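Novice: The structure's right below; bear with me while I get my questions together.
The values are calculated or read from the model by the stated rules, or taken from the named source; none is laboratory data. Just so we're clear, the structure is a prediction, and the values are computed from it rather than from any experiment. When we count neighbours, we look across all protein chains shown, and the Cβ atoms used for this are built from the backbone with ideal geometry, even at glycine.
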Amino acid sequence: MDIKTCYFIGDADVPENILETIQKRLEDEVVSLIRQGVRKFCVYGGGGFGALAARVVSEIGKYYPRVRLSVSRGEPRGKKGICVCCPVNYDGAAAREAARAAELGMQVVNLAAG
């Protein structure tokens, strides 16, 4: 995989009834990306999904010392990489940003789908 950066975009609140499922999917995706060579993980925004993504990367990163986590405001416009998103509100900001990432040619993984 040539992509070495992962960007997280998600809604501020992840409903309690799907939180465990989203966390498991997120953990699996982060490990898979690390095994594919991704080393930089960037959380956009705060709130529920952003905080969850930061915790997951921090915890998994203890076993992978080359993994880096950053937190940023704004959106990953014009960036190259993979976008892992959790748009639980399909007409909300996270859904719009994930759609923009796809338009920019980024690979998008939707953890809330299915």
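Novice: Of all residues in the stretch 12-37, which are touching a helix residue (DSSP H, G or I) at 6+ places or on another chain (Cβ under 8 Å) and assigned to a loop (DSSP other than H, G, I, E, B)?
Specialist: 12, 13, 14
Novice: Here's a follow-up. Could you tell me which residue of the stretch 85-107 is surrounded by the fewest Cβ atoms within 10 Å (Cβ to Cβ), considering only residues that are in contact (Cβ under 8 Å) with a residue 24 or more places away in the chain and either touching a helix residue (DSSP H, G or I) at 6+ places or on another chain (Cβ under 6 Å) or hydroxyl-bearing (Ser, Thr, Tyr) (or both)?
Specialist: 87
Novice: Just a yes or no: is a residue in the stretch 52-64 more than 11 Å from the chain's Cα centre (by Cα), outside any helix (DSSP H, G or I) and crowded, with 19+ Cβ neighbours inside 10 Å?
Specialist: Of the residues in the stretch 52-64, the ones more than 11 Å from the chain's Cα centre (by Cα) are 55, 58-64.
If we keep only those that are outside any helix (DSSP H, G or I) too, we end up with 62-64.
Remaining after also requiring crowded, with 19+ Cβ neighbours inside 10 Å: none.
Looking for residues that are more than 11 Å from the chain's Cα centre (by Cα), outside any helix (DSSP H, G or I) and crowded, with 19+ Cβ neighbours inside 10 Å, one finds none in the stretch 52-64, hence no.
Novice: I would also like to ask the following. Can you name the residue in the stretch 40-51 that is assigned to a helix (DSSP H, G or I) and touching a Leu at 6+ places or on another chain (Cβ under 9 Å) and is also modelled with the lowest pLDDT among such residues?
Specialist: Out of the qualifying residues, it is 48.
Residues checked against (1) modelled with pLDDT under 85; (2) farther than 18 Å from residue 113 by Cβ; (3) out of contact with any strand residue (DSSP E or B) (no Cβ under 7 Å at 6 or more places or on another chain):
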site	(1), (2), (3)
1	yes, yes, yes
8	no, no, no
38	no, yes, no
53	no, no, no
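Novice: Still on this model: State yes or no: is residue 79 basic (Lys, Arg), at pLDDT below 90, surrounded by 13 or more Cβ atoms within 10 Å (Cβ to Cβ) and under 20 Å from residue 101 (Cα atoms)? Steps first, answer last, please.
Specialist: On the way: basic (Lys, Arg): yes; at pLDDT below 90: yes; surrounded by 13 or more Cβ atoms within 10 Å (Cβ to Cβ): yes; under 20 Å from residue 101 (Cα atoms): yes.
Considered against the rule, which asks whether it is basic (Lys, Arg), at pLDDT below 90, surrounded by 13 or more Cβ atoms within 10 Å (Cβ to Cβ) and under 20 Å from residue 101 (Cα atoms), residue 79 comes out as yes.
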